[in-house]
Amino acid sequence: MAARTQGLTKAYGSGETRVVALDAVEVAVGRGEFVAIMGPSGSGKSTLMHCLAGLDTATGGQIWIGETELTRLKDKHLTQLRRDKIGFIFQAFNLLPTLTALENITLPMDIAGRRPEAEWLNEVIDTVGLRERLGHRPSELSGGQQQRVACARALASRPEIIFADEPTGNLDSRAGAEVLGFLRRSVDDLGQTIVMVTHDPVAAGHADRVVFLADGRIVDELADPIADSVLDRMRRFDGAGRRS
Ligand code: ADP
């Protein structure tokens with residue numbers, strides 16, 4: 001397993017203002033698996049991703065990244081684990097404007113004092129199709145190209161797992177499709193593990209499995225999704241919500 005949880009609970013606040021964002025969530029992500037997390041706004045998607053990625057602390061339960069129990073780690077080791085084992089892709093690309101595409105891709109490794117493996121870096125650059133753009137700054141790249149730089153940055157250090165938070169949220173459908181195609185290839189060709197939060201059934205259709213959250217609980221799963229089957233499942237929840 002690349003990541004798993006047992007009884008993962010997260011509550012914010014206390015007393016009357018207490019909100020249970022995650023309620024005993026059990027989820028497991030296999031190595032080389034691409035999992036999409038979906039659910040209505042407020043269902044706990046971001047909280048789940050932030051807890052899994054060690055960006056937020058759990059109130060109860062356990063989380064493992066690979067063999068390491070994240071919920072037992074102190075700050076220093078947690079920072080190390082995030083740096084060495086986890087890659088991030090955000091909706092808002094988060095590239096540094098003064099650096100070239102290549103410098104952005106290698107920045108996290110430069111900061112960590114690690115040398116990128118040349119062969120791997122080449123493979124990543126070819127997979128995202130950025131060879132001709134490596135010397136360009138983000139302002140000279142399209143949104144889709146910027147997000148491909150961010151994807152390459154996440155992949156460059158060969159993380160155990162990549163967390164992608166609405167990676168196509170700021171892209172038009174064509175650029176979005178390119179990025180999703182690339183994420184899919186990085187799973188199929190490079191064996192990458194990806195967990196992606198998305199609202200978009202088309203994006204979720206690129207995953208191996210969709211996990212649906214509602215009110216902090218996993219309420220359904222869908223294997224081998226396509227956009228239509230995801231949409232169908234979402235409609236069913238929507239209808240159930242209105243009836244109750
Ligand atoms: P989603 O990503 O699915 O929209 P979130 O994980 O952001 O859902 O939120 C889940 C629940 O936790 C919501 O009820 C939200 O209001 C609450 N919540 C999230 N973050 C905080 C916080 N920092 N303080 C208090 N409540 C929060």
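The values are calculated or read from the model by the stated rules, or taken from the named source; none is laboratory data. The structure displayed is predicted, hence computed values, not measured ones. Cβ coordinates were reconstructed from backbone atoms using ideal geometry, including for glycine residues, and neighbour counts include every protein chain displayed. Accessible surface is based on the protein model in full, side chains and every heavy atom, while ligands, DNA and RNA are left aside. Shrake-Rupley method; radii C 1.70, N 1.55, O 1.52, S 1.80 Å.
Taken as a whole, the structure leaves Arg72 outside the set of residues that are in contact (Cβ under 8 Å) with a residue 24 or more places away in the chain, open to solvent by 40 Å² or more (accessible area, probe 1.4 Å) and either of a type in the set (A, V, I, L, M, F, W, C) or more than 9 Å from the ligand (Cβ to nearest atom) (or both). Which ones in the range 41-69 are open to solvent by 70 Å² or more (accessible area, probe 1.4 Å) and within 15 Å of the ligand (Cβ to nearest atom)? Selection gives Ser41, Gly42, Leu55, Thr57, Thr59.
Does Phe93 satisfy the criteria of being of a type in the set (Phe, Trp, Tyr), within 25 Å of Val187 (Cβ to Cβ), modelled with pLDDT under 95 and within 16 Å of the ligand (Cβ to nearest atom)? For Phe93, the condition - of a type in the set (Phe, Trp, Tyr), within 25 Å of Val187 (Cβ to Cβ), modelled with pLDDT under 95 and within 16 Å of the ligand (Cβ to nearest atom) - is not met. Within the range 18-40, the only residue that satisfies the criterion of being without any contact (Cβ under 8 Å) to a residue 60 or more places away in the chain and within 8 Å of the ligand (Cβ to nearest atom) is Val19. Scanning the range 1-22 for residues that are more than 25 Å from Gly181 (Cα to Cα) and open to solvent by less than 50 Å² (accessible area, probe 1.4 Å) gives Thr5, Gly7, Leu8, Thr9, Lys10, Ala11, Ala21, Leu22.
When the criteria are applied in full, Gly129 meets the requirement of being of a type in the set (Gly, Ala, Ser) and modelled with pLDDT under 90. Inside the range 85-97, residues that are touching a residue at least 60 places away in the same chain (Cβ under 8 Å) and either over 17 Å from the mean Cα position of the chain (by Cα) or exposed (fewer than 15 other Cβ atoms within 10 Å of the Cβ) (or both) make up a count of 1. Checking the conditions here, which among Ala164, Ala214, Ala175, Ala207 is away from the ligand (no atom under 16 Å from the Cβ) and either touching a residue at least 60 places away in the same chain (Cβ under 8 Å) or open to solvent by 50 Å² or more (accessible area, probe 1.4 Å) (or both)? Checking each option against the conditions leaves just Ala207.
Residues in the range 98-133 that are over 15 Å from Leu155 (Cβ atoms) and in a loop (DSSP other than H, G, I, E, B) were compared, and the one that is least open to solvent (accessible area, probe 1.4 Å) is Thr100.
Considering each residue of the range 1-17, count those that are at pLDDT 95 or above and either within 9 Å of the ligand (Cβ to nearest atom) or not in a loop (DSSP other than H, G, I, E, B) (or both), and give that number. Number satisfying all stated conditions: 10.
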